[in-house]
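Presented below is the structure to which this report refers.
The values are calculated or read from the model by the stated rules, or taken from the named source; none is laboratory data. All values derive from a computational prediction rather than experimental measurement. Please note: Cβ atoms are built from the backbone with ideal geometry, for glycine as well, and neighbour counts cover all protein chains shown. The area values use the complete protein model at the heavy-atom level, side chains included, leaving out ligands, DNA and RNA. Shrake-Rupley method; radii C 1.70, N 1.55, O 1.52, S 1.80 Å.
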Amino acid sequence: MASSAYRNGTLHKGGAAKPISAATFKSSSFKSRLHPSQSLGSAVRRSSPASFGAASSGNDGVPGRVRVAIRLRPRNAEELVADADFADCVELQPELKRLKLRKNNWDSDTYEFDEVLTEFASQKRVYEVVAKPVVESVLDGYNGTVMAYGQTGTGKTFTLGRLGEEDTSSRGIMVRSMEDILADVSLETDSVSVSYLQLYMETIQDLLDPANDNISIAEDPKTGDVSLPGATLVQIRNQQSFMELLRLGEAHRIAANTKLNAESSRSHAILMIHVKRSVIGTEETLSNEIDNCSHLVKPSKPLVRKSKLVIVDLAGSERVHKSGSEGHMLEEAKSINLSLSALGKCINALAENSAHVPVRDSKLTRLLRDSFGGTARTSLIVTIGPSPRHRGETASTILFGQRAMKVENMLKIKEEFDYKSLSRKLEIQLDKLIAENERQRKKFDDEVERMNLEAQNRISEVERNFADALEKEKLKCQMEYMESVKQLEEKMLLNQRKQESNGFIGDRYNGEGPIVGEEIAEVRKLLQNEIHLRKTAEEELNKLKSKLGQYMQSGTCEDTEISRILEDEVNQKKKLEEEILILRSQLLQLNFEADQMRRCLDRGGSGNAFTGQDRHSQYNDSRNGQKAPINTLYEQVGLQKILSLLDSEDANARIHAVKVVANLASEEANQEKIVEAGGLSSLLMLLRTYEDEIVRRVAAGAIANLAMNEANQELIMSQGGISLLSITAADAEDPQTLRMVAGAIANLCGNDKLQMKLKSEGGIRALLGMVRCGHPDVLSQVARGIANFAKCESRASTQGKKTGRSLLIEDGVLPWIVQNANNEAPPIRRHIELALCHLAQHEVNVNDMISGGALWELIRISRNCSREDIRSLARRTLSSSPIFRAEMRRLRIEF
């Protein structure tokens, strides 16, 4: 089983590469910032007449080269069939940030880019590598541009404009950029607005308002900034509203069906995101020249940073004889190619430091004048396809990216003093203070009223208590006086009766004289007691009067305390009024200074700026040397020396050695030598003894390459290779390691002689266990291994060598096959459809497949499969099985 390349790893077959044609550049920092306190007036302005973009007003710039990344699209269904016998025209080396463009089977050209993204690169990685640094620069106040360039049908719109409504992991750069912007800005102080346009047939049209189909371009004569005053500008408050705008714009964008792309964009789409952020500057302290001890401190002045992110989805370049464009589509293709040609001429002129840049040849170049050679941070992603039929277009795209890497921009922040915001804040603060003063005054009045009412209530209560006590005491004295008088009257009547009962008044008068004298003395005593009681009552009355006077005095003290509180509140009110007057004076002073600054700027105009010619050095030196190819290294060092390094104690040496062995193993000519020299045993020993993830991944890849040869497959099984691969599959978590292991086991599953041993040593269960990863590349290899195993079983059953149930069904693979039979990924779906057809060809498996739901998938495959050979195989399988036909009759399924 020979093969020129291993699809799970890197591409190996090809001639010696030529010297690298692109220079190696270092990226400028995205994070250089202007200090917030630096004013616009003090900054130096400079421009370059040879630059694509005009100089921006404001501050000194930061150099920043255009960063270029290249992305390879995976083969589509048409290329899988048409180019099945041909290798890809490009070979990617992402770890070295290189790609090789094949001229023929023995010669290729090598190019370097800032990033090289394989066909397996996720949308998240593409965004983080290409667009996220630009978005961060936009949030810091710089302008930014993200642009996609490439042949039609190579994935530009997928990379930039994919909405990801069904699968969030497929979201494009537009959606992810807005997510990061909304997460970083504060919508209370900042603003985000969006315009969505298309350049169709040299006419700028509004995708958010289709009636606005001829927007003019306006240029600032002083700064050269380009704007579109007629475009719809929508404020963005949340991600949902932005997604609705993107859906609306995509619905209005013009597309057509060509031979190269079913939905070919016929216009350049331009998304403009305007970000306005508020920044607080530092305070300024002015010293008095007369008295050094006194200082005048001015409040901090807010700054406004205005930045713009432009995301450009260019229409794909195409050749008419390949795309088949006719009539109006031919005119569209001419317009697209003319605008792309104008863009290429501008980039060539900038890369060569030409004195003239033909910016006005196209509206596209006028819109992008700030992106190339201007003041914006620019990232370019060029997309290519793997098909060797389009090698010419791929080479042209690569050269465009190489030239763009030579363009230098001068990044600048655009800041303005926000006097209006400061005035508005002071007015708000003044209104708050006035409202607070009114609330305090109302609170003070309410408190005074409450205290007055409380004092009046207390005085009334004291008066009532005093009157009640006086009345009670008066009644008590009157009752005691009346009781005493009554007792005296009773005694006098008793004495009179005693005197009348005596017969001898005269005698008794003389004899009882002392008794009457005693009674008179007793009456006098009683009178004295009454007088004493009266004096006591008067003293009590005087005491009550004194208490009343004390209560009255206490009421006077409380009135004094209330008066003092009132005075304090009045003083506080005066202080608040003084603070209001001070704030009003500051507001008037700031308005006066703003008017003066505005008049100075109006008088100064552009006279303060000066123009000059800046020349930015280019990295024109290219590398003279190149790392020797793997085959040359093998001839110079020797295989034994390379294999001996696999046991080295130096981890780096061991990793490099296993990588070299893996590259050598990809070529059939080297495989026999590696096995004879003990390389296979050494690779298996690495899997057994080392836990380093890189070592295990590369070793598994090398074993997978060796396992493509039938002779090596039996050696791998005899040396316990399947057990080691199963253990590695159970322990590993890295998707790339699992992909290599699954690829190795999938190659072993294609050998008829190893079926029982694969099952007994856990190979099938290891394949099924790796689906936990969920990575599409891993699932594709798992599906390929199951398809290979099912094909071998079907062949053995046809030849009469196997009679029992499928080993796959015994190990529980059928539920996973049915669940993923309609998987969205074409490679996974194709392998599983083949596996189902092969399993169904053996009559022993039919009942299990019916109970497991596989019949419905076979019917779907026979009707809807995209490949004619698989549809035909499914039809033959269903029609040849009596059990399947009986079940379909029972279910009333017409076939």
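Tell me the carbon and sulfur percent of the accessible area for segment 413-497, rounded to whole percent, probe radius 1.4 Å. Walk me through the intermediate numbers first.
Working: 3590 of 6710 Å².
Result for segment 413-497: 53 percent of the exposed heavy-atom area is carbon or sulfur.
Could you please put Val68, Val675 in sequence from largest to smallest accessible area, using a 1.4 Å probe?
Ranked list, largest accessible area first: Val675, Val68.
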Item to check | Extreme residue, positive dipole direction of segment 58-144, given options Asn143, Trp106, Ala69 (C-beta unit charges) | outcome: Asn143
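Per residue, how many Å² of accessible area does segment 154-240 show with a 1.4 Å probe? If you can, show how the numbers build up before the last one.
On the way: 4040 Å² over 87 residues.
So segment 154-240 comes to 46 Å² accessible per residue, rounded to a whole number.
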Next on the checklist: Going by average Cβ density within 10 Å per residue, which order do the peptides 834-841, 261-268, 763-770 take, highest to lowest?
Outcome noted: 834-841, 763-770, 261-268
Checklist outcome for this item: In debye to the nearest 20, the charge dipole size for segment 197-263, taken about the Cα centre with +1 at each Lys and Arg Cβ and -1 at each Asp and Glu Cβ, equals 220 debye
Item to check | Gap separating the Cα centres of segment 795-865 and segment 720-740, nearest whole Å | outcome: 25 Å
Item to check | Rounded to whole Hz, the Karplus (6.51, -1.76, 1.60) HN-Hα couplings of segment 671-684, x for glycine and proline | outcome: 5, 4, 5, 5, 5, 5, 7, x, x, 5, 4, 5, 5, 5
Checklist entry - With every protein chain in place, what's the accessible area of Phe417 (1.4 Å probe, Å², nearest 10)? => result 80 Å²
Item to check | Cα-Cα separations in segment 133-291 greater than 23 Å, expressed as whole percent | outcome: 48 percent
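Could you sort 780-791, 718-729 so that the peptide with the highest average Cβ count within 10 Å comes first and the rest follow in order? Before the final figure, lay out the partial values.
Values: 780-791: 26.6, 718-729: 20.3.
Going by the mean number of other Cβ atoms within 10 Å, highest first, we get 780-791, 718-729.
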Checklist entry - When the Cα centres of segment 690-709 and segment 80-108 are compared, how far apart do they sit, in Å? => result 22 Å
Item to check | Euclidean distance between Cα centres, segment 180-236 to segment 344-406, Å | outcome: 23 Å
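Note down the net charge around Ala886, summing +1 for each Lys or Arg and -1 for each Asp or Glu among other residues with Cβ under 14 Å from its Cβ.
Working: positive: Arg885, Arg889, Arg890, Arg892; negative: Glu843, Glu887.
Computed value for this residue: +2.
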Item to check | From phi via Karplus (6.51, -1.76, 1.60), per-residue ³J(HN,Hα) for segment 392-405 in Hz, x at Gly/Pro | outcome: x, 5, 4, 5, 5, 5, 5, 5, 4, x, 5, 5, 5, 5
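How do Thr152, Thr803 stack up against each other in accessible area, from largest to smallest, with a 1.4 angstrom probe?
Values: Thr152 10, Thr803 110 Å².
The ordering from most to least exposed comes out as Thr803, Thr152.
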Item to check | Where the Cα pairs of segment 113-183 fall when distances are cut into 5 Å bins, in % | outcome: 3, 15, 27, 27, 17, 8, 2
Checklist entry - When ranked by the protection proxy of mean other Cβ atoms within 10 Å per residue, highest first, what sequence do the peptides 739-747, 186-194 form? => result 739-747, 186-194
Checklist entry - Along the principal axes of its C-alpha atoms, what lengths does segment 686-766 span, in descending order and rounded to whole Å? => result 32, 22, 21
